[in-house]
Structures are given as structure tokens and as C-alpha cells.
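**Q** Take a look at the following structure, please.
The values are calculated or read from the model by the stated rules, or taken from the named source; none is laboratory data. The shown structure was predicted, so the numbers you read here are calculated from the model rather than taken from an experiment. Positions of Cβ are backbone-derived with ideal geometry, glycine not excepted, and every protein chain shown enters the neighbour counts. What goes into the accessible areas is simple: the full protein's heavy atoms, side chains included, and nothing from ligands, DNA or RNA. Shrake-Rupley method; radii C 1.70, N 1.55, O 1.52, S 1.80 Å.
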Amino acid sequence: MNQRLSSLVKKLHKRAGLSLLIVVAAILIEAISLLQYNYARDILNEQVEQNSLHLLITKALVIKGTLNQNEIALSHHLWDFNRNINTPDSLYNATERLLLSSSNVLGCAVAFSPYYYPAHGKLFEPYSYRDGDEIRHIQLSSDTHDYTSMDFYRKAFDGDSAFWSDPYHDDLLKEDITTYSLPVRDDNNELIGVCGMDLSLRWLGDTLNARSSHPSSFCLLLTGDGNLISGPDVSHARFADMDRAVTMINDSTVTRQVGASGRVKVVDFTGNDGRKGYIYHSFMRGNPHWQLALVCYDDEVYGELYRMRRVVLLLMLAGFALLGYILYRFMASNRSLHEESLARERINSELRVAHEIQSDMLPRVADKRDELDLAGMLIPAKEVGGDLYDYLLRDEKLFFCIGDVSGKGVPSALVMAVTHSLFRSTVTRESHPARIMQAINDVSCRHNDSGMFVTFFIGVLDLPTGRLHYCNAGHDAPILFNGNDVHTLDVTANIPLGVITDFKYESGELTMSRGTTLLLYTDGVTEAKDTAHRQYTLTRLITTVADAVDCSPENLLHHITSSVNHFVGNAPQSDDITLMAVRYNGHQRHYSIERTLTITDNLNELSRLHAMIEEVCRESGIEAGIEGQLRLALEEIVVNVINYAYAEGEKGEIEVYAGVSEGLITWRVTDSGAAFAPTDVPEADITLGVEDRAIGGLGIHLVRQLTDTLNYERIDGHNVTTIEKKL
């Protein structure tokens, strides 16, 4: 009896000790869980603040970028107002031209100082504005509209500086707008008035609604005084919550915390439905001094953290039955596997992002042109690779390239990205392929300690003439064909990019007749291997092309890839496969009006040129403003030929051709003088002072500003300069 009682006491004592152990373990686990939760929440708080700051900065940059574009447009049009000051009625054409510079601009006015035009009374304010699809002109000033007392005039005129007004509703335009004002001076640099540009605020809604950090998060834009400018639509956020957020931002009694970055303020927020969250708000830098605010809700920011804590707690409680060494080893092993899995997933995720970035760098659909048809294709062997192709149109020329970086993997992808960016940036200022190649090579050779190089091919196709200039840097020679004539292009190999600095690249040229196609490819095509390690070869590629010469470029590329896939069978792809096809269809524009004038290199002949311009514009129904722009541009080109094309004592002729097609007028100036390519002249920096600016270049800058395209070709010893203007 005593033994049984003693045994029972021992069992109860053991169970009590086990229960106490479980309780202590549960308390410790809960404490650990709570510490982990608080630590994770602190980290998440920092991340949310950083993400909110980045989002506000991004939206501020987008807003400032749009405003800056319109500031630049108004600044660039001041010369147009200045040249029409002596003819006040023509100012309506100048305001209309500024109005057409951007779809966001709804109205434009020039408000002159009192009695500047006595014939028009005390106040004169020519104003152009959009009325649906029409543009109307009115003299806006009246007894009830004294602009001299309005902010847009007073602050710009009295302060002699640019000024953005706070948004307001305009009854005439029937929209919420903001006005950008800029002082106007005459030729004597005297302040004579203010030019105001009314900008629609409709685009702000799309900017604020884009890229929300969480499903219910929303952004607000407020004036410096705290008045709401724009917010999300009601389908994204409740009006009551927006109104409450604006009220709290403007309430000076509300407690604010300064974020860790020091650039954003944080306010505790409770929505109309009781949801708690935060308001992150900050002022935009510069003018206008507006505010941006981001509202986030706790249940979305920390929702996953709440759920994770509950799940972890339940798992810990469920694991008490497995106390001991086995549970410890299992959890340690599981933790290790989890970390390894996260590491692999992180690497795979980064590679997927890199692949998407590389894909986004490839050109999308090109501008639709009757003169050409082109297609490109890149099939990577791994997530990232070193092949690239690109093309773009500028000044009636197609710039295109294909390249292959030595090596594999991420290093090749990085070199590919740099080379692609160098090509894009260089062709914006350079037109000759050898000089483009030289510029890219000089940069590629700098700090190239890895010894990586790039085989590269650049082509520049002049669309009006079919003249192709090209330069090859160690790349496989492209295939040229027209009908059954299929052969490789005769190229000078040169050396690849990134090998020797200051290398002088040699170029070639030919004229592509109508229907001619140029096929560019990388060695991933010709060196593709089947299961027996046999290569596809250039000979087989030429045969494949010859079987599909009548196909469109897109179908041609699919035909080639199908042939390669059939050849390699089940063998793994060992290299990137990149193809690009360019077919020239010829210049197929039809002109309803054509005129040709031949003059000598004498300034007295300009009167004949002016008469021709006036005649063509009159027959075409072209308005006076565009006629004046064409007159300035053509006179600059022809005078340049007269003054510089021919040596002293040498006489020459200049042929001027005009062609009018639907919505476009084309002017072509041909001379046999010394070669001069205006498209190679660097852009003039008009922001510099006269003493700091290099001599020359302003004339070409004027021609570029007055026309839509400027094209140049040297053909059979003649300079052929072509400008086009959209009507």
C-alpha cells in the first residue's frame, strides 16, 4: 500500500514537472515569437518608409518631368513671340503654335503691359485655346478680366521670373488647370508682358493611380497651402478617406513623426471605416512647391506579418509533443534547407529579372514605314546572354546593329547592356557607321581588365535613296539577297570592340534596290550543333535563305529557326540564337505637287527661291506660319551652300526640289560643291552665353527646330540635303 502510494506520488511529481516544463517552454517560445515579431515589424517599418519615399520621389519626378517639358516648350517659343511683337495680330498664330506643342496645353496667352499697343486699348491679351477638336482665338482682356491684378501676370511680371500658379477651375476651358507664366522681353531686353500657358491636370490622375504599393494605398497631390489638387478615382479610394487625410495633413495639432531619411513626415491615420494606417507626406522641391502624400493601411502593410505570426505560433504549439533531440535536429535541418532554398530562389529570381530586363532592352515594333520591312529575334540559351540587336529611325535613316559578346552568363549580359546603351546614345548625334563604331570602341576599351570583346555590325540605311553605309567589327558577314541572288555581304572584318583603342574602322557602302533583304545573324545560328556535334554551318544557312527569298522578314526568321531546330533535334542549345532581317521596299511616296528650281551660287538668286516657296505654299494651301518656317529653313541651307560649297572663283548650280504629298511637304537641295553633312554638326547649346558658345551650329539648330526631319547624303559627288515638314 505504501509502495503504491509512493509510486503514485512520483508519477504525479513527474507529470507536474513535465507540465511545468511545457508551460515554461510555451512561455519562452511565446516570448521569442513576440521578440521576433517586434523585430520583424521594425524592419518592415523601415522598408515601408523607404518604399513610400521612393514612390513619392518617383511620382514627384514624373510630375516635375511633365511640368519641365512644358516649361521648355514655352521657353523655346519665346523667339516666336518676339519676332511677331511688331505685328500684334500675328501673335494669335504664335500662341496657337505653342498650343499645338503638347496635348496637355489647353490655352496660351500673351498679356502685355498696359498701353503697350495703344491701338488695342489699355490691355491687350491675345489668347488661343482648345474647344473640342477646334482651336479658337480671342482677345481675353476686358472690363471684367483685368489680368494685371491676377497672380499669373503680377508674380511673373513684378518678380521678373517664371511662376506656376496653384491649380484652379477655368470656366472658359471647363477644366481644372494650372498656369505657367514667363516674362516676355522685347529686342531691347525691356520687360513688356507675360506669356501664360494653361496646362490640363487630367494626366495627374493617371500618375497618382499608377504603381500603388498596396491594393488600397492611394496618393494625393496638394498645394503648398494644403488644398487638394488631385487624387485617385473613387473606385480606388473612398472620398471620405481622402478628405480625412487632407484634413489631418492640414491640422497643425496632429502629431507628426519625421522619418529616418529626414525627407518625409509620418502621421497616424484612421480611415472612415476604422481601418488604421499611416500618411507619408513631403513637399516637392523647387517650383511649384506642392505636396505629395501616400496613405497606407496597417492590415495590408502588416497583414502577412500578422498571419505569419499566428501560423508560427500554432506550429510551435503543435511541436511541443515532439520535444527532444529529434525535434531539435529536425528544426535545425529544416532551417538549413529553408535558407538554402531561399538562396537558390533569390538567385533564380534575380536571373529572371535580368532576363526580363534584357528582353525589354530589345526593340519593340518599329515605326511603320512603307520604305522598309524588318524583324528581329533573340532566343537565349540561358536566362541571360551576350547577344543583342537593335534598330531605330532618325532623320529618314534606319540605324541597326547586331552583336555577340565573348563569354557566357552574367558578365556577357552586362557587357551587352553597356554596348547596347552606347549604340543608342551614339546614334543620336552621329550618322556614319565607322564613326559610331569608333566611339563605342573607345569607351569599351576603357578599364577592360576582363579582356572581353564584342563582335559588332552597324548599318545605316538612307530610306529615300536606299544607300546603305555599314561597318563590321569582327562579326559574321550578313547575307544579302534579292530574288535568287543570295550571297554574303563584302565587308572589311576590322577588329572586335574592346580590343585596341583608337583603332580606325573601315566602312563600306552599297545601294539597296527595291526588294533587297539584308539578313544579320550571330554564330549561335551557324555553329548550332546536333547530337553528333555537327554544326549547322553558313552553307546550310544560305541554302535555307534561298528557299525562303519570297518570305517577309518575319516569316524568314521563323523559317530559319525551324530549320535550325530540326537540325539540332534533341541536342541542348549551347549559344544564343539572334537574327535580324531588313528588307528595303524603295521610296514609294507619291506627290500631288512637284516643283524644281535651278539657281546659281549667288545671293541675288534668293528672291527666286522665295517666289518658289510662296508659289508651292499657296498651291498647297499651307498657312503663313508654316510658310515662314520653311522660308527660314531653306534660306539657311541655300545661303550656306552659296557661301561655303564652292571655292573662290568657282561657279556652281543649286537645284531646289519641292514635293507635296498627303500631310507632308518635302524640300531637297542638291549641289556639287564640297562635301558637308549638316546632320553631323553637334547640337548647339543655346543655354550658354555668346562668349562661351562655340562658333557655328546655330543655323543647323534653327533648321532642326523648324522642320520635322533633316537628312543628308553624298551621292555621285553631290550633296543632297532633304528637309520635311508635317502639315
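**Q** Once Rh is set to the Kirkwood radius over Cα pairs, what Stokes-Einstein translational diffusion coefficient, in µm²/s, holds for region 479-587 at a temperature of 25 °C and a viscosity of 0.890 mPa s?
**A** Rounded, D is 159 µm²/s.
**Q** Mind giving me the FRET efficiency for residue 338 and residue 549? R0 is 35 Å, r the Cβ-Cβ distance, nearest 0.05 is fine.
**A** Computed FRET efficiency for residue 338 and residue 549 comes out at 0.05.
**Q** Another question about this same structure. Considering only protein heavy atoms and a 1.4 Å probe, what is the carbon-and-sulfur percentage of the accessible area of the chain?
**A** Carbon plus sulfur share of accessible area: 53 percent.
**Q** Here's a follow-up. Take the Cβ-Cβ distance between residue 76 and residue 329 as r, set R0 to 60 Å, and report the resulting FRET efficiency rounded to the nearest 0.05.
**A** 0.25
**Q** Only one of the listed values, (i) 258; (ii) 198; (iii) 212, was derived from the coordinates as volume of the Cα convex hull per residue in Å³; which label is it?
**A** Here volume of the Cα convex hull per residue in Å³ agrees with entry (i).
**Q** Under the 0.36 nm per residue contour assumption, what length would be gained going from the current alpha-carbon distance of residue 485 and residue 639 to full extension?
**A** Answer, rounded to one decimal: 50.9 nm.
**Q** In addition: Would you mind computing, in nm to one decimal, how far apart the modelled labels at residue 511 and residue 592 are, each placed 7 Å from Cα along Cα→Cβ?
**A** The modelled label-to-label distance comes out at 3.1 nm.
**Q** Efficiency by 1/(1 + (r/R0)^6): what FRET value for residue 120 and residue 604, r their Cβ-Cβ distance, R0 = 45 Å, to the nearest 0.05?
**A** Taking R0 as 45 Å, the efficiency between residue 120 and residue 604 is 0.70.
**Q** Taking 0.36 nm per residue of sequence separation and subtracting the Cα-Cα distance, how much length would be gained by fully extending the chain between residue 534 and residue 503, in nm to one decimal?
**A** Additional length available on full extension: 7.6 nm.
**Q** Once both labels are modelled 7 Å past Cα along the beta-carbon direction, what's the residue 299-residue 38 spacing in nm?
**A** 2.6 nm
**Q** So what's the convex hull volume per residue for the Cα atoms of region 144-245, in Å³?
**A** About 142 Å³ per residue, rounded to a whole number.
**Q** Which value, in Å², gives the accessible area per residue of region 95-209 when a 1.4 Å probe is used on the protein heavy atoms?
**A** 47 Å²
**Q** I've got another one for you. How big is the charge dipole of the chain about its Cα centre, in debye rounded to the nearest 20, if each Lys and Arg gets +1 on its Cβ and each Asp and Glu gets -1 on its Cβ?
**A** About 4760 debye.
**Q** What is the angle, in °, between the Cα long axis of helix 624-644 and the longest principal axis of the Cα atoms in the chain? Nearest 10 is fine, range 0 to 90.
**A** Tilt relative to the chain: about 70 degrees.
**Q** Could you work out [θ]222 nm for the chain from helices alone, using -39500 (n - 2.57) per DSSP H run of at least four and dividing by all its residues? Round to the nearest 500 deg cm²/dmol.
**A** Computed ellipticity for the chain at 222 nm equals -13000 deg cm²/dmol.
**Q** How many angstrom lie between the Cα centre of region 412-457 and the Cα centre of region 146-218?
**A** 43 Å
**Q** Could I have the simple spin-label model distance between residue 66 and residue 133, label points 7 Å from Cα toward Cβ, reported in nm to one decimal?
**A** Placing both labels 7 Å along Cα→Cβ, they lie 2.5 nm apart.
**Q** Could you state the angle between the C-alpha long axis of helix 2-82 and the longest principal axis of the C-alpha atoms of the chain, as a value from 0 to 90 degrees rounded to the nearest 10?
**A** Orientation of helix 2-82: about 10 degrees from the principal axis.
**Q** Compute the angle between helix 239-250 and the longest alpha-carbon principal axis of the chain, please, reported from 0 to 90 degrees and rounded to the nearest 10.
**A** It works out to around 90 degrees.
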